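First up is the structure itself, then whatever we jot down about it.
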Amino acid sequence: MTTAPPESRDRIYRSPMALIGGSLVLVIIGWLGIDAVVSGTGRTPWLALATLILVVPLVVAFTLRPAVFANHDRLRIRNPFRVIVVPWGEVETLRSGYSNEVLVTSGAKYQLWAIPVSLRGRKKAARQTAQQSARQSSGRGPTRGLGLFGGGMQADGFGGRTPVPEGPTRAETDKIIDELRELLEARGKARTSQGEVTVRWAYEIVGPAVAGAVLLAILAALG
(Lines give C-alpha, C1' and ligand atoms only; values in the text may rest on other atoms or scores of the structure.)
Protein backbone atom coordinates (compact mmCIF):
# COMPACT_ATOMS: atom_id res chain seq x y z
CA MET A 1 0.00 0.00 0.00
CA THR A 2 1.43 3.35 -1.05
CA THR A 3 0.68 6.64 0.60
CA ALA A 4 0.65 10.06 -1.02
CA PRO A 5 3.60 12.28 -0.18
CA PRO A 6 2.84 14.90 2.46
CA GLU A 7 1.77 18.26 1.06
CA SER A 8 4.39 20.94 1.54
CA ARG A 9 3.52 23.95 3.63
CA ASP A 10 3.09 27.31 1.96
CA ARG A 11 5.69 30.02 2.20
CA ILE A 12 3.69 33.23 2.58
CA TYR A 13 5.00 36.55 1.31
CA ARG A 14 3.27 39.86 2.13
CA SER A 15 4.23 43.51 2.35
CA PRO A 16 4.52 44.61 6.01
CA MET A 17 4.29 48.30 5.08
CA ALA A 18 1.10 47.68 3.08
CA LEU A 19 -0.45 45.87 6.06
CA ILE A 20 0.43 48.68 8.46
CA GLY A 21 -0.62 51.46 6.07
CA GLY A 22 -3.87 49.74 5.13
CA SER A 23 -4.82 49.16 8.75
CA LEU A 24 -4.22 52.83 9.62
CA VAL A 25 -6.23 54.03 6.60
CA LEU A 26 -9.13 51.73 7.53
CA VAL A 27 -9.15 53.05 11.08
CA ILE A 28 -9.29 56.66 9.86
CA ILE A 29 -11.95 55.93 7.22
CA GLY A 30 -14.04 53.97 9.71
CA TRP A 31 -13.84 56.69 12.33
CA LEU A 32 -14.80 59.50 9.95
CA GLY A 33 -17.39 57.47 8.03
CA ILE A 34 -19.22 56.06 11.04
CA ASP A 35 -19.26 59.49 12.68
CA ALA A 36 -20.85 60.95 9.52
CA VAL A 37 -23.43 58.16 9.36
CA VAL A 38 -24.41 58.56 13.01
CA SER A 39 -24.16 62.33 13.41
CA GLY A 40 -24.80 63.60 9.88
CA THR A 41 -27.99 65.28 8.72
CA GLY A 42 -29.87 65.29 5.43
CA ARG A 43 -28.17 63.22 2.76
CA THR A 44 -24.84 63.12 4.58
CA PRO A 45 -25.40 59.72 6.27
CA TRP A 46 -26.32 58.11 2.93
CA LEU A 47 -23.34 59.66 1.16
CA ALA A 48 -21.04 58.52 3.97
CA LEU A 49 -22.49 55.00 3.86
CA ALA A 50 -22.09 54.75 0.08
CA THR A 51 -18.52 56.02 0.34
CA LEU A 52 -17.70 53.44 3.00
CA ILE A 53 -19.15 50.64 0.86
CA LEU A 54 -17.02 51.78 -2.07
CA VAL A 55 -13.76 52.74 -0.39
CA VAL A 56 -13.32 50.06 2.30
CA PRO A 57 -13.18 47.09 -0.15
CA LEU A 58 -10.73 48.99 -2.35
CA VAL A 59 -8.42 49.77 0.58
CA VAL A 60 -8.55 46.12 1.65
CA ALA A 61 -7.91 44.99 -1.93
CA PHE A 62 -4.77 47.04 -2.43
CA THR A 63 -3.23 46.78 1.06
CA LEU A 64 -4.39 43.87 3.24
CA ARG A 65 -5.41 41.35 0.59
CA PRO A 66 -2.30 40.89 -1.64
CA ALA A 67 -0.21 37.84 -0.77
CA VAL A 68 1.90 35.23 -2.52
CA PHE A 69 1.76 31.59 -1.40
CA ALA A 70 4.43 29.20 -2.66
CA ASN A 71 4.93 25.49 -1.99
CA HIS A 72 6.57 22.59 -3.83
CA ASP A 73 3.72 22.23 -6.32
CA ARG A 74 2.44 25.66 -7.23
CA LEU A 75 2.49 29.41 -6.86
CA ARG A 76 -0.74 31.05 -5.67
CA ILE A 77 -0.95 34.80 -6.25
CA ARG A 78 -3.63 36.75 -4.41
CA ASN A 79 -3.82 40.12 -6.13
CA PRO A 80 -6.33 42.93 -5.43
CA PHE A 81 -9.10 41.57 -7.69
CA ARG A 82 -7.96 38.08 -8.72
CA VAL A 83 -6.48 34.85 -7.39
CA ILE A 84 -4.11 33.14 -9.82
CA VAL A 85 -2.88 29.60 -9.24
CA VAL A 86 0.14 28.65 -11.34
CA PRO A 87 1.72 25.18 -11.11
CA TRP A 88 5.50 25.39 -11.27
CA GLY A 89 5.46 23.42 -14.50
CA GLU A 90 3.58 26.29 -16.17
CA VAL A 91 5.97 29.03 -15.00
CA GLU A 92 8.26 30.28 -17.77
CA THR A 93 10.23 32.70 -15.61
CA LEU A 94 10.06 35.20 -12.77
CA ARG A 95 10.92 38.73 -13.90
CA SER A 96 11.96 41.59 -11.65
CA GLY A 97 12.21 45.14 -13.02
CA TYR A 98 10.08 48.03 -11.85
CA SER A 99 7.60 45.38 -10.71
CA ASN A 100 7.84 41.66 -9.92
CA GLU A 101 6.00 39.44 -12.39
CA VAL A 102 5.55 35.77 -13.19
CA LEU A 103 5.45 34.79 -16.87
CA VAL A 104 3.69 31.55 -17.80
CA THR A 105 4.20 29.27 -20.78
CA SER A 106 1.05 30.58 -22.51
CA GLY A 107 2.61 34.04 -22.70
CA ALA A 108 0.44 35.62 -20.00
CA LYS A 109 2.04 37.53 -17.16
CA TYR A 110 0.78 38.27 -13.67
CA GLN A 111 2.09 40.92 -11.31
CA LEU A 112 3.07 39.99 -7.76
CA TRP A 113 1.34 42.80 -5.86
CA ALA A 114 2.42 41.43 -2.48
CA ILE A 115 6.12 41.70 -3.42
CA PRO A 116 6.59 45.33 -4.53
CA VAL A 117 9.94 46.41 -5.92
CA SER A 118 11.80 48.81 -3.66
CA LEU A 119 14.14 50.99 -5.71
CA ARG A 120 15.33 52.55 -2.46
CA GLY A 121 16.15 49.10 -1.11
CA ARG A 122 18.09 48.27 -4.27
CA LYS A 123 20.10 51.49 -4.05
CA LYS A 124 20.90 50.79 -0.39
CA ALA A 125 21.99 47.25 -1.24
CA ALA A 126 24.16 48.56 -4.09
CA ARG A 127 25.83 51.06 -1.73
CA GLN A 128 26.54 48.35 0.81
CA THR A 129 28.02 46.13 -1.90
CA ALA A 130 30.20 49.00 -3.14
CA GLN A 131 31.38 49.76 0.41
CA GLN A 132 32.19 46.09 1.01
CA SER A 133 34.18 45.94 -2.25
CA ALA A 134 36.05 49.13 -1.31
CA ARG A 135 36.98 47.69 2.10
CA GLN A 136 38.24 44.49 0.51
CA SER A 137 40.33 46.31 -2.11
CA SER A 138 41.89 48.55 0.57
CA GLY A 139 42.82 45.61 2.76
CA ARG A 140 40.18 46.38 5.41
CA GLY A 141 37.66 43.89 4.17
CA PRO A 142 36.29 40.85 6.04
CA THR A 143 38.53 37.99 7.03
CA ARG A 144 37.56 35.06 4.84
CA GLY A 145 36.79 31.66 6.27
CA LEU A 146 35.61 32.85 9.69
CA GLY A 147 31.94 33.54 8.97
CA LEU A 148 29.03 31.21 9.67
CA PHE A 149 28.25 30.81 5.96
CA GLY A 150 31.66 31.27 4.40
CA GLY A 151 31.21 35.01 4.10
CA GLY A 152 33.91 36.06 6.54
CA MET A 153 33.94 38.55 9.40
CA GLN A 154 34.20 42.32 9.71
CA ALA A 155 34.53 44.83 12.55
CA ASP A 156 31.17 45.88 13.99
CA GLY A 157 32.33 49.26 15.36
CA PHE A 158 32.17 48.11 18.98
CA GLY A 159 35.39 46.15 19.20
CA GLY A 160 33.82 42.91 17.99
CA ARG A 161 33.42 41.18 14.66
CA THR A 162 30.26 40.16 12.83
CA PRO A 163 29.72 37.73 9.92
CA VAL A 164 29.45 39.15 6.41
CA PRO A 165 27.40 37.30 3.79
CA GLU A 166 29.33 36.14 0.75
CA GLY A 167 28.45 37.86 -2.52
CA PRO A 168 26.69 41.15 -3.23
CA THR A 169 24.05 42.50 -0.86
CA ARG A 170 20.49 42.04 -2.14
CA ALA A 171 17.34 44.03 -1.44
CA GLU A 172 14.72 42.16 0.59
CA THR A 173 12.21 41.78 -2.25
CA ASP A 174 14.99 40.61 -4.59
CA LYS A 175 15.87 37.92 -2.04
CA ILE A 176 12.24 36.73 -2.16
CA ILE A 177 12.34 36.51 -5.96
CA ASP A 178 15.61 34.54 -5.66
CA GLU A 179 13.83 32.06 -3.34
CA LEU A 180 10.96 31.66 -5.80
CA ARG A 181 13.40 31.12 -8.66
CA GLU A 182 15.12 28.40 -6.65
CA LEU A 183 11.75 26.70 -6.11
CA LEU A 184 11.01 26.98 -9.84
CA GLU A 185 14.36 25.45 -10.76
CA ALA A 186 13.96 22.62 -8.24
CA ARG A 187 10.28 21.82 -8.83
CA GLY A 188 9.50 22.94 -12.39
CA LYS A 189 9.68 19.42 -13.85
CA ALA A 190 8.21 17.51 -10.91
CA ARG A 191 5.15 15.36 -11.61
CA THR A 192 3.07 17.05 -8.91
CA SER A 193 3.97 20.49 -10.27
CA GLN A 194 2.08 20.07 -13.54
CA GLY A 195 -1.42 21.34 -14.32
CA GLU A 196 -3.32 24.30 -15.67
CA VAL A 197 -3.25 27.94 -14.67
CA THR A 198 -6.50 29.02 -13.01
CA VAL A 199 -7.75 32.56 -12.48
CA ARG A 200 -10.64 33.48 -10.17
CA TRP A 201 -12.09 36.94 -9.77
CA ALA A 202 -12.49 38.23 -6.19
CA TYR A 203 -16.22 38.95 -6.28
CA GLU A 204 -16.17 39.52 -2.52
CA ILE A 205 -14.17 42.67 -3.30
CA VAL A 206 -15.63 43.66 -6.67
CA GLY A 207 -19.28 43.25 -5.60
CA PRO A 208 -19.33 45.68 -2.63
CA ALA A 209 -17.18 48.22 -4.49
CA VAL A 210 -19.53 48.23 -7.47
CA ALA A 211 -22.55 48.49 -5.16
CA GLY A 212 -21.01 51.50 -3.42
CA ALA A 213 -20.21 53.17 -6.75
CA VAL A 214 -23.79 52.63 -7.99
CA LEU A 215 -25.25 54.02 -4.77
CA LEU A 216 -23.02 57.09 -5.01
CA ALA A 217 -24.07 57.62 -8.63
CA ILE A 218 -27.77 57.37 -7.69
CA LEU A 219 -27.36 59.88 -4.83
CA ALA A 220 -25.48 62.25 -7.15
CA ALA A 221 -28.22 61.96 -9.80
CA LEU A 222 -30.92 62.72 -7.25
CA GLY A 223 -29.03 65.87 -6.28
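The values are calculated or read from the model by the stated rules, or taken from the named source; none is laboratory data. Predicted model, so just to flag it, every value in this text is computed and none were measured. FYI the Cβ positions are ideal-geometry reconstructions off the backbone, even for glycines, and counts take in every protein chain you see. All accessible areas refer to the heavy atoms of the entire protein, side chains included, with ligands and DNA or RNA removed. Shrake-Rupley method; radii C 1.70, N 1.55, O 1.52, S 1.80 Å.
A few comments on the model shown:
- Candidates Leu184, Leu219: the one that is open to solvent by less than 70 Å² (accessible area, probe 1.4 Å), under 25 Å from Gln111 (Cβ atoms) and not in a strand (DSSP E or B) is Leu184.
- Screening region 73-115 for residues that are more than 21 Å from Glu172 (Cα to Cα) and in a loop (DSSP other than H, G, I, E, B) and picking the one that is least open to solvent (accessible area, probe 1.4 Å) gives Pro80.
- Restricting region 49-91 to residues that are β-branched (Val, Ile, Thr) and under 17 Å from Gly195 (Cα atoms), the residue that is nearest to the chain's Cα centre (by Cα): Ile77
- Pick from region 170-181, criterion in contact (Cβ under 8 Å) with a residue 60 or more places away in the chain and open to solvent by less than 80 Å² (accessible area, probe 1.4 Å), ranking: farthest from Leu112 (Cα to Cα): Glu179
- Among residues of region 188-208 being among the hydrophobic types (A, V, I, L, M, F, W, C) and in a strand (DSSP E or B), the one that is least open to solvent (accessible area, probe 1.4 Å) is Val199.
Here's the yes/no breakdown for (1) open to solvent by 40 Å² or more (accessible area, probe 1.4 Å); (2) closer than 22 Å to Val210 by Cα; (3) out of contact with any helix residue (DSSP H, G or I) (no Cβ under 8 Å at 6 or more places or on another chain):
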position	(1), (2), (3)
Ser8	no, no, yes
Val38	yes, no, no
Trp46	yes, yes, no
Val56	yes, yes, no
Val59	no, yes, no
Phe62	yes, yes, no
Pro66	no, yes, no
Phe69	no, no, yes
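- Here Ala18 meets each of (1) crowded, with 17+ Cβ neighbours inside 10 Å; (2) in a loop (DSSP other than H, G, I, E, B); (3) of a type in the set (Gly, Ala, Ser) with one exception, condition (2).
- Any hit, region 82-93, residues being farther than 25 Å from Val27 by Cβ, charged (D, E, K, R) and without any contact (Cβ under 8 Å) to a residue 24 or more places away in the chain: yes
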